[in-house]
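Throughout, read-outs are computed from the coordinates displayed, never taken from laboratory work. This is a predicted model, so every value here is computed, not measured.
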Amino acid sequence: MSVPPSKPPSYALEITIATVVGVAVGLWLDNLVVGSGVGIAIGIVLSVLKMQRASRNGR
């Protein structure tokens, strides 16, 4: 019998953190485009870190 596929990790926490930080930076600098870029960059970094941690743990 084959092993059932593992459930992919949820990225809700990373997306929430990135959104909050991006909005805060955008409002603080009064430049929402920079805030969007910061939020996207943080979201990518946090997601990559979570994927690496999950693959290291064997998930």
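Which value, in Å³ per residue, describes the convex hull spanned by the Cα atoms of the chain?
Numbers: hull volume 3.9 nm³, N = 59.
That works out to 66 Å³ per residue.
With contributions of -39500 (n - 2.57) from each DSSP H run of at least four residues, the per-residue ellipticity at 222 nm computed over the chain stands at -25500 deg cm²/dmol. Taking θ as phi - 60° and the Karplus parameters 6.51, -1.76 and 1.60, the scalar couplings of segment 2-9 work out to 8, 7, x, x, 6, 6, x, x Hz in sequence order, x denoting glycine and proline. What the phi angles of segment 11-16 give under the Karplus curve with 6.51, -1.76 and 1.60, with θ = phi - 60°, is a coupling list of 10, 4, 5, 5, 5, 5 Hz, glycine and proline written as x. Rounded to the nearest Hz, the phi-derived 3J(HN,Hα) couplings of segment 41-56 under the Karplus curve 6.51 cos²θ - 1.76 cosθ + 1.60 (θ = phi - 60°) are 4, 5, x, 5, 4, 5, 5, 5, 4, 5, 5, 5, 5, 5, 6, 5, where x marks glycine and proline.
Computed extension gain for LYS50 through VAL34, at 0.36 nm per residue and net of the alpha carbon distance, reaches 3.3 nm.
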